[in-house]
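S.K.: Supplied in structure tokens, the structure appears directly below.
The values are calculated or read from the model by the stated rules, or taken from the named source; none is laboratory data. Note that the coordinates shown come from a computational prediction; the quantities given were computed from them, not determined experimentally. Quick reminder, even Gly has a Cβ in these numbers, built from the backbone with ideal geometry, and neighbours come from all protein chains shown.
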Amino acid sequence: MIELKGLSKHYQLSGDTLVKAVDNVNLAIKPGEFMMIVGRSGSGKTTLLSLIGGLTKPTSGTVNIDGVDIWGLNDATQSRFRAETIGFVFQIPSLLPTLSVLDNVKLPTMFSKGHDNVGERALSLLEMVGLPEKAHAYPSQLSVGQQKRVALARSLINEPDVVLADEPTSDLDKATENEIMTLIKKVHDDGPRTMVMVTHNLDLVSYATEVRTMANGVLDEGTRK
């Protein structure tokens with residue numbers, strides 16, 4: 001269960017200008033749900049995802065994941081909890097150019113408890129996303145769509161309960177977008193994992209179990225499918 005209570009992130013700009021990037025969001029996401037949050041650029045959806053993932057500190061409010069108040073943890077404990085519980089798929093794949101595809105997938109294990117057979121698991125994940133033959137290639141040798149597949153595999157290496165995805169299909173053609181979304185849906189269904197994805201693309205809402213809309217930092221009441 002992910003539970004947000006009174007969650008806000010405000011930024012004080014010059015003068016008296018206050019930007020309410022996220023404003024008093026209350027949200028409960030059930031285990032195994034695929035929540036999709038849609039909204040235009042600047043609506044606050046990426047900031048909300050960052051608050052849920054423990055990457056941006058809220059101005060006020062709480063984020064509870066499986067009963068743990070993540071912003072009540074000290075830095076070291078929060079980092080370990082984040083690494084072991086949450087998988088991230090960022091808008092930009094952010095693969096390290098000097099590491100092979102296989103080593104990029106394995107990278108998050110450095111920040112979590114020990115895992116057995118990390119190499120075998122990484123190869124298995126590359127097979128899942130259809131790229132086993134690219135294990136020893138480097139990011140510069142991959143297309144954008146392939147890089148996003150690797151980023152998805154990387155997000156799963158620590159076997160997280162929660163996957164957070166920020167615009168994972170941006171800058172893709174329609175065919176590749178469909179391929180990536182099919183993989184994301186498979187990741188959700190096979191767990192089933194709790195999935196929270198933000199996007200501006202309304203064409204993707206059919207993949208989710210619940211859809212919410214965000215505008216001006218405020219989240220609507222939503223529609224459960």
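S.K.: Tell me yes or no: at least one residue of the range 133-140 is modelled with pLDDT under 90, surrounded by fewer than 13 Cβ atoms within 10 Å (Cβ to Cβ) and among the small types (Gly, Ala, Ser).
M.R.: Among the residues of the range 133-140, not one is modelled with pLDDT under 90, surrounded by fewer than 13 Cβ atoms within 10 Å (Cβ to Cβ) and among the small types (Gly, Ala, Ser), which makes the answer no.
S.K.: I'm checking my understanding of the structure. Among residues of the range 12-35 that are in contact with an Asp or Glu (Cβ under 7 Å, 6 or more places away or on another chain) and of a type in the set (A, V, I, L, M, F, W, C), which one is farthest from GLU167 (Cα to Cα)?
M.R.: If we take residues in the range 12-35 being in contact with an Asp or Glu (Cβ under 7 Å, 6 or more places away or on another chain) and of a type in the set (A, V, I, L, M, F, W, C), then ALA28 is farthest from GLU167 (Cα to Cα).
S.K.: Separate question: Can you report the number of residues in the range 17-54 which are part of a loop (DSSP other than H, G, I, E, B), touching a residue at least 24 places away in the same chain (Cβ under 8 Å) and farther than 23 Å from LEU204 by Cα?
M.R.: Of the residues in the range 17-54, 1 are part of a loop (DSSP other than H, G, I, E, B), touching a residue at least 24 places away in the same chain (Cβ under 8 Å) and farther than 23 Å from LEU204 by Cα.
S.K.: Moving on. Which residues, counting only those in the range 30-46, are farther than 13 Å from GLY217 by Cβ and either surrounded by 14 or more Cβ atoms within 10 Å (Cβ to Cβ) or of a type in the set (Phe, Trp, Tyr) (or both)?
M.R.: GLY32, GLU33, PHE34, MET35, MET36, VAL38, listed by residue number.
S.K.: Can you tell me which residue in the range 163-192 is surrounded by the fewest Cβ atoms within 10 Å (Cβ to Cβ), limited to those that are more than 24 Å from ASP103 (Cβ to Cβ) and of a type in the set (A, V, I, L, M)?
M.R.: The extreme case among them is ALA175.
S.K.: For VAL144, state whether it is surrounded by 21 or more Cβ atoms within 10 Å (Cβ to Cβ), of a type outside the set (Ser, Thr, Tyr) and either under 21 Å from ALA175 (Cβ atoms) or in contact with a Pro (Cβ under 7 Å, 6 or more places away or on another chain) (or both).
M.R.: no
S.K.: Looking only at residues that are among the β-branched types (Val, Ile, Thr), surrounded by fewer than 17 Cβ atoms within 10 Å (Cβ to Cβ) and farther than 16 Å from SER143 by Cα in the range 75-108, which one is modelled with the highest pLDDT?
M.R.: Restricting to residues being among the β-branched types (Val, Ile, Thr), surrounded by fewer than 17 Cβ atoms within 10 Å (Cβ to Cβ) and farther than 16 Å from SER143 by Cα, the top hit is THR98.
S.K.: Now for a separate question. Which ranges mark the helices (runs of 4 or more DSSP H) fully within the range 60-156 that have 1 or more residues being touching a residue at least 60 places away in the same chain (Cβ under 8 Å)?
M.R.: The qualifying helices (runs of 4 or more DSSP H) are 75-85, 144-155.
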